1. Looking for whichever is of a type in the set (D, E, K, R), open to solvent by 60 Å² or more (accessible area, probe 1.4 Å), under 19 Å from the mean Cα position of the chain (by Cα) and at pLDDT below 95 here; the options are R45, R92. Which one fits?
2. May I ask you to list the residues in segment 171-184 that are in a helix (DSSP H, G or I), among the hydrophobic types (A, V, I, L, M, F, W, C) and open to solvent by 10 Å² or more (accessible area, probe 1.4 Å)?
3. What is the residue count in segment 113-125 for residues that are touching a helix residue (DSSP H, G or I) at 6+ places or on another chain (Cβ under 6 Å) and in a helix (DSSP H, G or I)?
4. Do the conditions hold for P229, that is, is it crowded, with 22+ Cβ neighbours inside 10 Å and farther than 19 Å from P44 by Cα?
5. So, in segment 115-125, of the ones that are surrounded by fewer than 24 Cβ atoms within 10 Å (Cβ to Cβ) and either in contact with a Leu (Cβ under 8 Å, 6 or more places away or on another chain) or aliphatic (A, V, I, L, M) (or both), which residue ends up nearest to Q204 (Cα to Cα)?
6. Anything in segment 210-265 that is of a type in the set (S, T, Y) and either modelled with pLDDT of 95 or more or closer than 25 Å to R190 by Cβ (or both)? List them, or say none.
7. Kindly indicate the residue of segment 201-225 that is crowded, with 22+ Cβ neighbours inside 10 Å and within 17 Å of S135 (Cβ to Cβ) and also farthest from the chain's Cα centre (by Cα) among those meeting that condition.
8. If I go through segment 232-250 residue by residue, how many of them are open to solvent by 50 Å² or more (accessible area, probe 1.4 Å) and assigned to a helix (DSSP H, G or I)?
Amino acid sequence: MGLVKVPGDLQSVLDQAWKAAEPVPGFLGESEARLLGTIAACVPRGGVIVEIGSFKGKSAVMLAKVAAHYGVGPVVAIDPHNFDSVGLEAHRTSPEASSFNEFLHNVATAGVRDRLEVHRAYSTEIAAGWNRPISFLWIDGDHTYPGAKADFDGFARHLVGGGVVAFHDALHEFAGPIRVFVEDVLRSDRFGAAGFVQSIAWAQFRPEDGQRFRASRAALDHAAAPLIPLLQDDRELRGVRKLRFKLRRARVPREAVSPEMWEAIGNGPPWLRS
């Protein structure tokens, strides 16, 4: 498996991409956006970038800006744009409410519309006929456990070696992303390096040598798994239960990752490198 290589101009490319993405409404923080851009720039060529859950285009702009610079892509953006997911109910002011027109306006304003392959559909509909290799799978759709599990099962099997899967809101009060990440990623030897940046959980797909990262994944599992029992019934966290969640979440390492750190993490220590 080839080593992760960070382009020399990546820092300036991320600066420009974030400048375009920052004004777009959404729930993506700057360190999270820069992580997405770093991943998009460094994953193996030969696969597409798949985004499940686009909302108004913030992460799509970030990904597409970076992808355009490095000749990667396209970025496949999948979202029914009907606010039909946990966390977006407040935006569904009427049965016809949609984020689609605003999404199209935002990606056009950012100059990336032609870098996007847009699917206004549920991810399960697209997954049913999907047969293309994926270099980066960005899951930010239905945050229930069935929803996140369906997104992972439907698309992760198409990841190329050295590709990356990432879940948004894995450290927020949602049942799906954290459970799928712990049970299906951290506990699988098909994945290597893994971590959290703010609320994003990410892992590198290494089906040939993932077992060599077992100890580091187990340490992350030990820190993150205690969150699952507090979230699995989808009840709103209140009182003591919410305090327990915050205390357990505080034990999960989730610092920002620089491009230089990404190269070191993605390749593993020298004795693990092919």
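The values are calculated or read from the model by the stated rules, or taken from the named source; none is laboratory data. Note that the coordinates shown come from a computational prediction; the quantities given were computed from them, not determined experimentally. Please note: Cβ atoms are built from the backbone with ideal geometry, for glycine as well, and neighbour counts cover all protein chains shown. Calculation scope for accessible area: heavy atoms of the full protein, side chains included, ligands and nucleic acids excluded. Shrake-Rupley method; radii C 1.70, N 1.55, O 1.52, S 1.80 Å.
1. Of the residues listed, the single one that is of a type in the set (D, E, K, R), open to solvent by 60 Å² or more (accessible area, probe 1.4 Å), under 19 Å from the mean Cα position of the chain (by Cα) and at pLDDT below 95 is R45.
2. If the condition is that a residue be in a helix (DSSP H, G or I), among the hydrophobic types (A, V, I, L, M, F, W, C) and open to solvent by 10 Å² or more (accessible area, probe 1.4 Å), then no residue fits.
3. 4
4. No, not satisfied.
5. Applying the filter and picking the extreme gives V118.
6. Correct list: S216 only.
7. R206
8. So the count comes out to 9.
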